[in-house]
Amino acid sequence: MGSARTTIKATVSGVRSWRGGSRVLFAATLGAVALVCTACGGSSPSATAGTPAQLLSAGLAAQRSGNYTAAAADYKAVVSAAPTSSDACYAYYDLGVINQVDVSPANPAAAESYYRKCLALNPNFSDALYNLAIILTKSDPAQAESDYSQVVALAPTSVASAPAYVNLGFLLIAQGEKAQGIKDIQLAASLNPAFLKDVAAAEK
């Protein structure tokens, strides 16, 4: 069982970050985090004045440039100005990402809190569910399983759901549900052949 949990972290455990319609995938390995940017734009100066949308944009630019203190200030200004808006949902989400993978040392407890605030505004924000599941895999595997299951239920045939299927599969294997776990990992591989190696690992 211990090796299965390690596999979750070593093969997938990617933390996703919303970027105005595009995604940045933070691929986490054991003891290291590698940034793979799929749609990063340029940076601009951060600001703590303006509309919530302007503050969110400034926060994104600051986060991309590595100025996490300024980014956090902008995101917190967003939620202060418009606490129930979609902008606040994204701001809470990105505050979670900053605390989960951007800063060192990471602060998973703070990240979890921010993801929960994001999900209170949008319970179907799949990236927040996915990242929260990563945090909860060890401390609350039942809830992690529920969160991964919700992610795949929201988009069961999407390539973007493949990592969630893989993490869910290895989590189930670690809990003694090997047959179902292998099925989930096989489904991930059918959506994205890059996960074929995980099918072989699961079947051992």
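The values are calculated or read from the model by the stated rules, or taken from the named source; none is laboratory data. What you see is a predicted model; the values in this text were computed from it and never measured. Positions of Cβ are generated from backbone atoms using ideal geometry, with glycine treated the same way; all protein chains shown enter the neighbour counts.
At a glance:
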{"read-out": "Pick from the range 121-159, criterion part of a helix (DSSP H, G or I) and among the polar types (S, T, N, Q), ranking: surrounded by the most Cβ atoms within 10 Å (Cβ to Cβ)", "value": "Asn131"}
{"read-out": "Hits in the range 161-192 (condition: in contact (Cβ under 8 Å) with a residue 40 or more places away in the chain and of a type in the set (A, V, I, L, M))", "value": "Val166, Leu171, Ile173, Ala174"}
{"read-out": "Residue within the range 100-107 that is assigned to a helix (DSSP H, G or I), touching a Leu at 6+ places or on another chain (Cβ under 9 Å), touching a residue at least 40 places away in the same chain (Cβ under 8 Å) and surrounded by fewer than 24 Cβ atoms within 10 Å (Cβ to Cβ) present", "value": "yes"}
{"read-out": "Qualifying position, being within 30 Å of Ala70 (Cα to Cα) and of a type outside the set (Phe, Trp, Tyr), among Ala106, Ala164", "value": "Ala106"}
{"read-out": "Where a residue in the range 51-63 is more than 13 Å from Val97 (Cβ to Cβ) and in a helix (DSSP H, G or I) and its partner, wherever it lies, is aliphatic (A, V, I, L, M) and modelled with pLDDT under 95, with Cβ under 6 Å and at least six apart", "value": "Ala58/Ala47"}
{"read-out": "Among the residues listed as Ala91, Ala110, Ala133, the single one being under 17 Å from the mean Cα position of the chain (by Cα) and over 26 Å from Phe170 (Cα atoms)", "value": "Ala91"}
{"read-out": "Filtered residue count, the range 170-204, keeping only those that are over 17 Å from Ala133 (Cβ atoms) and not in a helix (DSSP H, G or I)", "value": "3"}
{"read-out": "Failed condition for Asp94, given (1) more than 21 Å from Thr69 (Cβ to Cβ); (2) part of a helix (DSSP H, G or I); (3) touching a helix residue (DSSP H, G or I) at 6+ places or on another chain (Cβ under 8 Å)", "value": "(1)"}
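Residue-by-condition table, conditions (1) touching a helix residue (DSSP H, G or I) at 6+ places or on another chain (Cβ under 8 Å); (2) at positive phi:
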| position | (1), (2) |
| --- | --- |
| Tyr165 | yes, no |
| Leu168 | yes, no |
| Gly176 | no, yes |
| Ala179 | no, no |
| Ile185 | yes, no |
| Ala188 | yes, no |
| Leu191 | yes, no |
| Lys197 | yes, no |
| Ala202 | yes, no |
